[in-house]
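Report on the structure given below.
Bear in mind these aren't lab numbers, they're just calculated from the coordinates by the rules spelled out. Worth saying up front: this structure is predicted, and the values here are computed from it rather than measured. So basically every Cβ, Gly included, is an ideal-geometry build from the backbone, and we count neighbours across all protein chains shown.
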Amino acid sequence: MSSTDSVVLRARDIVKTYGATRALKGVNFDIHRGKVTTLFGENGAGKSTLMKILSGVERPTSGTIELDGEIVEFASTQDAAARGIAIIHQELSLAPNLNVRDNIFMGRELRTRTGIDFAEEERRVRALMQGLEEDIDPLTPVADLRLGQQQIVEIARALSINSRILIMDEPTSALSATEVEVLFRVISDLTSAGVSIVYISHHLEEALQVTDFAVVLRDGSITATANAADIDLEWIVRNMVGSDYDLGEPPTGYAFGDVALSIEHVSVADPENPERFVVDDLSLQVRKGEVVCIYGLMGAGRTELLEAVAGRVPIAGGRIVKDGVDISGLSIAERIDAGLGLVPEDRQRDGLVQTMSVGSNLSLASIGAFVRGLFLSGGRERELVSTMVRSLQVKTASGEAPIGSLSGGNQQKVVIGKILATDPDVILLDEPSRGIDVGAKGEVFRLLAQRAAQGLAVVYSTSEVGECLSIAHRIVVMRRGRIVVEFGSDATKEAIMAASGEAVVA
Amino acid sequence: MTTSAPGRNGSRPAMFANGFNLGRLLLQGRAFFALIAIIVVFSILSPNYFTIANLLTMSSHVAVYAILSIGMLLVILNGGIDLSVGSTLGISGMVAGFLMQGVHLKLLGISLYPAVWVVVIVSCAVGALIGLVNGVLVARFKVAPFVATLGMLYVVRGLALLMTNGLTYNDLGGKPELGNTGFDWLGFNRILDIPVGVLVMVVVAIVVSVVLNRTAFGRWLYASGGNERAAELSGVPVRRVKIWVYVVSGLCAAIAGLILSSELTSAGPTAGNSYELTAIAAVVIGGAALTGGRGTVRGTLLGAFVIGFLSDGLVIIGVSAYWQTVFTGAVIVLAVLLNAVQYRGRRKAAATGGGPQTPSREGTPAAAGPVPEKTAA
Ligand SMILES: Nc1ncnc2c1ncn2[C@@H]1O[C@H](COP(=O)(O)OP(=O)(O)OP(=O)(O)O)[C@@H](O)[C@H]1O
Ligand SMILES: [Mg+2]
């Protein structure tokens, strides 16, 4: 054991195969003591797989892990945790029925002689939340938290372990810019205390801010490593996807059509507190062919608005009009038939049926189109599935593969594809770029732009300003359930962020 | 993105890798192999077991359970449970018995003797109605399926007992002069030497299997059982699907009740007592997940045959009724254990199982792949 060695963990020749899929093909990966090592790579490159191996979730098919110069094998996550390795998973792994405190101490409850020391647990959770500058009560059931807050809880749980090595697999995919900044402060505190961090994110610019060492994984092999000081965004993208990328510009060269979707004075009550409105007398019109981006912080009411328009939650006032027809009273299914579909924010909870195949998930919303007489036409369905898999570049062994065998980003593409397959006139996308890589993001944008040019009205909700600017004709900023300001596509980042209330806090 | 990284399209179909793995085959076909094992063992123990005549007799016993189980499968695929099927089976026979005795309208001073086809339709309608009540309780009023159908188990059984104050209808033969003969056709007749009950089972199995695999309704059922929220957001009419599965389950129970009372030529109010548990066992042995979304008609049929052939075999070789109960229980536990082994094996190989996205989000349907607890419940 040499404490002078700057590498705390060395993975050597790690191979991992799933059936015929070779997720990792002999990877050498070092984690540097007290530094942030960031792993970049496309969807399905093998990032999560490598992290699962380093944290004891999965066993490598072959290869060794050296911790402080000593070869170790992890039989389980507890095993890895006992050696000081903690992980924040890409997909949340909380029990929604338990409260925040019990989730954080799940499996590691603090004991007294007679039971669990709830008071001490609660105190520690409060301290953790304070460190993360988050106003979450330890006794709130996790099911009542927004996605972003759940992610914070996930982070707090990993922090509570006091690990030496902390792996963060896309910890920020549901966080607001302010929350990300806080997290970065926490990370730098940790590294100065000697904790080694592995960081994974598809928000490349953001990730570069914290990175000390950059490692690029491509198709199961490491293709490049570098000191953060020597590289830039372009270097990462080039090594990740083998080409330069550009998210593009809002589609032009055509005139917008009539108003496709008109949201008129819509209010949505807060389910917790019906006196309050999470969407408050909001009006918005979207024309055929127009891409409107709704920007706002987490909790601004964007998700509630989109869910209300899609028919998931009831509206407390106002009406929703599509192509001149009031659709406020229709069911979700009827709205989909009428040509309005939602890509939900939380793919595990609302987007995917985990027990079905990739193909069945893709065709689920448009299944009616494949019915001939009484029966489904398998051929037409397969055709649709393969078209969607191709046009969204879903990395899957086949349409019959279980949805759970896909990497997070590829699952997200399936959720988007499912709605596109219904051939909508109005599409609502709630944070659709969560977890998808730059290449795929560009692909999704290109597809949306192409459909928009053919008359699709797009409502795109995001907390990333860059995305707004590269896809939207019009950007509306939401804050506390209302639209506070509207910009054209020539807006600046700063102006948009300031309007959302971000600058005030940050 | 124009360039495509090598392997962008993924690797070869995963099926290729796990093509010929004997252990795996054994596990996946466990209900099938259990059935073979049962047949082999009993054939050795008794020369009368493996004869066409006996196999057909046993099959007609199985038919009653199998039809119940197929209805139960639909409910379980939806993530629910139907505890009322045994009682529904009982009341369906009682309704048939009641109608066969003739309906005496005192006020008008006449007695009506409905034809057998009318009797069959009315009994089935009663079964479907009970299912409808279950479905509405569960889908509209959000009563937990276990509780709603447990309540109906008592209510329906009580009604069946009330119909005759606990007495049994013994004469279901009908009279030629009343034009209501033929009820025994279901239980006694054979077509091409095959008991009618078995044929009914085959028809029910084929229809349900086609519905599950080839219609939108089938897809909706698998989807809403796998993740109801996601299904709903994809435009699946989840409530309608839910109500329908209970209706079909009630209907299946009524059909089973008709076959049973026809076979026995009598209808008692306690018929079908605890059959709901046998049906659940058959579905589980057939590999379905109690949490919903997974299961097939083929597996369920095999499960019903395993249970039926086992208990009949034990009778034939003269094992006491008490030991029969013990054996049946042991087989159920063993089958579910194998289920767990299968899923664990899959998780290790993770070849087709879509291994764990790590400890999946409990409560919301598991994040990925089968989880052993699903069937071990
Ligand atoms: N349980 C599994 N069964 C089969 N294949 C799997 C399984 N888990 C992962 N894979 C495959 O391994 C490859 C790497 O997946 P991994 O989840 O590591 O990607 P990733 O780099 O984390 O991608 P993302 O950025 O989308 O999260 C993918 O092709 C995926 O389909
Ligand atoms: Mg991943």
In Å, the C-alpha Rg and Dmax of the protein assembly as shown are 30.6, 106
How fast does the range A:4-241 diffuse by Stokes-Einstein, in µm²/s, taking the Kirkwood radius from C-alpha pairs at 25 °C and 0.890 mPa s?
134 µm²/s
At a threshold of 8 angstrom on Cα-Cα distance, excluding pairs fewer than six apart, so keeping six or more, what relative contact order does chain A reach in percent?
16 percent
Fraction of beta bridges assigned by DSSP in the protein assembly as shown that are antiparallel (%, nearest 5)
60 percent
Roughly how many whole Å is it from the C-alpha centroid of the range A:306-344 to that of the range B:199-219?
34 Å
Residue mean of other protein chain beta carbons inside 10 Å, A:398-407
6
Taking amide H atoms as placed 1.01 Å from N in the peptide plane, list the residues 5 or more away in sequence, or in a different chain, whose amide H sits under 5 Å from that of A:Leu429.
A:Val343, A:Val459, A:Tyr460, A:Ser461
Inter-part gap, Cα centre of the range B:246-290 to Cα centre of the range A:50-107, in whole angstrom, is 47 Å
Pairs of Cα atoms under 8 Å, at least six residues apart: use those to get the relative contact order of the range A:354-423, whole percent.
50 percent
Please flag any cysteine in the protein assembly as shown that has no other cysteine's Cβ under 4.7 angstrom from its own Cβ.
B:Cys124, B:Cys252
Give, in nm to one decimal, the length gained when the segment between A:Arg380 and A:Ala127 is fully stretched (0.36 nm per residue of separation minus the Cα-Cα distance).
85.5 nm
If B:Lys142, B:Lys242 are placed from fewest to most neighbouring beta carbons inside 10 Å, the sequence is B:Lys142, B:Lys242
Please sort B:59-68, B:328-337 by packing, taking for each peptide the average over its residues of neighbouring beta carbons within 10 angstrom, highest first.
B:59-68, B:328-337
Computed over chain A: longest principal axis from alpha-carbon atoms vs helix A:378-391 long axis, angle to nearest 10 degrees, is 70 degrees
Shielding by partners for A:358-370, please: the mean number of other protein chain Cβ atoms within 10 Å of each residue's Cβ.
4
Helical contribution to [θ] at 222 nm, DSSP H n ≥ 4, -39,500 (n - 2.57), averaged over the protein assembly as shown, rounded to 500
-14500 deg cm²/dmol
Considering only DSSP beta bridges where both residues belong to the range A:4-241, give the percentage that are antiparallel (nearest 5).
60 percent
Let me know the charge dipole size of the range A:354-423 about its Cα centre in debye, to the nearest 20, where only the beta-carbon of Lys, Arg (+1) and Asp, Glu (-1) is charged.
80 debye
Okay, which of the range A:469-494 sit inside 16 Å, backbone N to the point 7 Å along the Cα-Cβ direction of A:Arg146?
A:477-484
Let's test the formula: R0 of 51 Å, r as the Cβ-Cβ distance of B:Arg190 and A:Asn97. What FRET efficiency results, to the nearest 0.05?
0.40
Please find the FRET efficiency linking A:Arg482 to B:Thr51, where r is the Cβ-Cβ separation and R0 is fixed at 51 Å, and quote it to the nearest 0.05.
0.05
Mind giving me the nanometre distance, one decimal, between the label points for A:Arg372 and A:Leu110, set 7 Å out from Cα along Cα→Cβ?
6.6 nm
Sites A:Ser6 and A:Glu73 - FRET efficiency at Förster radius 22 Å, r taken between beta-carbons, to 0.05:
0.40
Given that compact globular proteins tend to follow 2.2 N^0.38 Å, what is the ratio of the alpha-carbon Rg of chain A to that value?
0.99
Which listed pairs, of A:Lys418/A:Lys441; A:Lys395/B:Lys242; A:Lys288/A:Lys441; A:Lys418/B:Lys142; A:Lys25/A:Lys52; A:Lys441/A:Lys493, have C-alpha distances above 24 Å, in listed order:
A:Lys395/B:Lys242; A:Lys418/B:Lys142
For chain A, what proportion of DSSP beta bridges, expressed in % and rounded to the nearest 5, is antiparallel?
55 percent
What list do you get for B:Trp244, B:Trp323 if you sort them by fewest beta carbons within 10 Å?
B:Trp323, B:Trp244
Against the longest alpha carbon principal axis of chain A, how many degrees, from 0 to 90 and to the nearest 10, is the axis of helix A:147-160 turned?
0 degrees
